[in-house]
Structures are given as structure tokens and as C-alpha cells.
């Protein structure tokens, strides 16, 4: 018997042992019981009936033991899983809460108005998507979150991820939805059903890639409902001289508590 076969059979035994002993105890107790001569002053264990009956009794006791043991183990496992789930959720919330102050710092350093907002995105390779990790605006409406994740091949975010930077400072007015939607689709590959759900329809947008030691990890996006609200050269200088380094340090500090995007989506983070 190969080592693999032995390991496989061992795992199957551990998985189904309670059912095995329960199945074995039924017929052996029935057959053994019928064979025992109740008129005898004692059971003859050496007889076939007595031997079968003992085997059945042993199997029944084993089934009871393993059933109880599996029940206790299952309860302990559920308790432990709940504890681990709570720890992971706590770390996830901590991760997001630590990025919120940085989004506010960007907003204030850039001198933005209540027509603007700042959003930070983290890239997740398994999902090939960006997830919002922080958003700030003095306008409560613009601070609200719509979609939690964004495909890497759409929007200003995707272009900034590929090229380091992207901007669109002269978008059509969203009051003319057909023209606005056509622009979003042709320039940024964003379909109209997605535009419909946006919590903000900007006329200016600037996106810049964030990295740590040359490894790109996220995107900062600045938007405004006003055309040409900001100058990319000024924002680029602001990040290159100070904010980009701060983002890198924050990323290195927090990367070990970064939750997976699939987990974040399930938890609504």
C-alpha cells in the first residue's frame, strides 16, 4: 500500500468512523442476540453468537464515543472559528479606519472645496479590482460610497494603474445624461448602468498611482463637479514631495492586516 493510499484511507476513516461503527453495531447485535441462548445461566462468549454480540456491543460503544467526541470537537471548532472571524473583522476595520485620516489630509493639503472629494483605492490582484479603502469630502453626499469595488480595466483608475497618472478635466455636464454617458463609455469604458449608480458625477478627475519601494499598491483619485477645479501639475508635486511618501509608510505599516477583497465585499467594508 502506497503512502498516499494509506493517508487517504486514514482520512476517510476519521471522517466516517461514527457512521461505520453505527452501521456495524446494528446487524451484529441483532444476529448475536438471536444466537445467544437466554436459557443458559450465562452467556457463552466462546460461542459464535456471543462473539458476534460482543463485537456489536463494542461497535455501538465506539459509535457513541466518537459521536460525542465529534460533537464536542465540532462545538470547539465553531467557537474557535467565531473567535478568528471576530479577530479578522477587527483587523479589517482597523485597516480602513487608519486610511481615513490620510484621505482628509490629501483633501486639505490640496485646498479642495465642497464640490470635491478624495478617494483612496487598493488594488487586489486575485480579483483584478480596486476596492475603496478611504473617502473624504466636506460634502456628506459625496462622502457616501456606492460600489465597493471597481474593475481594473475601467475608468480613470485603471489608466492611472497602468500609466502612473490619468486625468480628465473637461467632462460634459451630467445634466445632459446622454452626452455625459457617451463620454464615460468612449473615454473610460464605463457603461451607462454604472454611471447611473455613481454617488458623484464629476466634470474633473485626476488619478495618481501610489507605490512602496517601486511596487504599486493603490490609486488616489480626486474629483470635482466643477470643470478644471485643480491643476494636475500642482497635485503631482504635492504628492511627490510629501504625500506619496506618507502613503508608502502607512501602507508598509498596515499591509499585514489588509483583508482580502472578497472578505471585504462580504462584510460590506
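Among rounded, prolate and oblate, which fits segment 138-269 when a ≥ b ≥ c are the square roots of the eigenvalues of its C-alpha gyration tensor, a/c under 1.5 means rounded, and a/b larger than b/c means prolate?
Because a/c hits 1.5 or more and a/b fails to exceed b/c, segment 138-269 counts as oblate.
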Could you please state, rounded to a whole Å, how far the C-alpha centre of segment 123-178 is from the C-alpha centre of segment 207-222? 13 Å
Using a 10 Å cut-off around each Cβ, can you sort 229, 100, 196 from fewest to most neighbouring Cβ atoms? 196, 100, 229
Using the number of other C-beta atoms within 10 angstrom as an exposure proxy, rank 217, 131 with the fewest first. 217, 131
Sequence of 205, 157 once ranked by neighbouring C-beta atoms within 10 Å, starting from the fewest: 205, 157
Classify segment 191-234 as rounded, prolate or oblate, taking a ≥ b ≥ c as the square roots of the eigenvalues of its Cα gyration tensor: rounded when a/c is under 1.5, otherwise prolate if a/b is larger than b/c and oblate if not. oblate
Would segment 115-187 count as rounded, prolate or oblate if I go by the C-alpha gyration tensor, calling it rounded below 1.5 in a/c and otherwise prolate when a/b exceeds b/c, oblate otherwise? oblate
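Rule-based calculations on the coordinates, nothing more; no lab input. Since the structure is predicted, the reported quantities are computational estimates derived from the model, not experimental observations. Quick reminder, even Gly has a Cβ in these numbers, built from the backbone with ideal geometry, and neighbours come from all protein chains shown.
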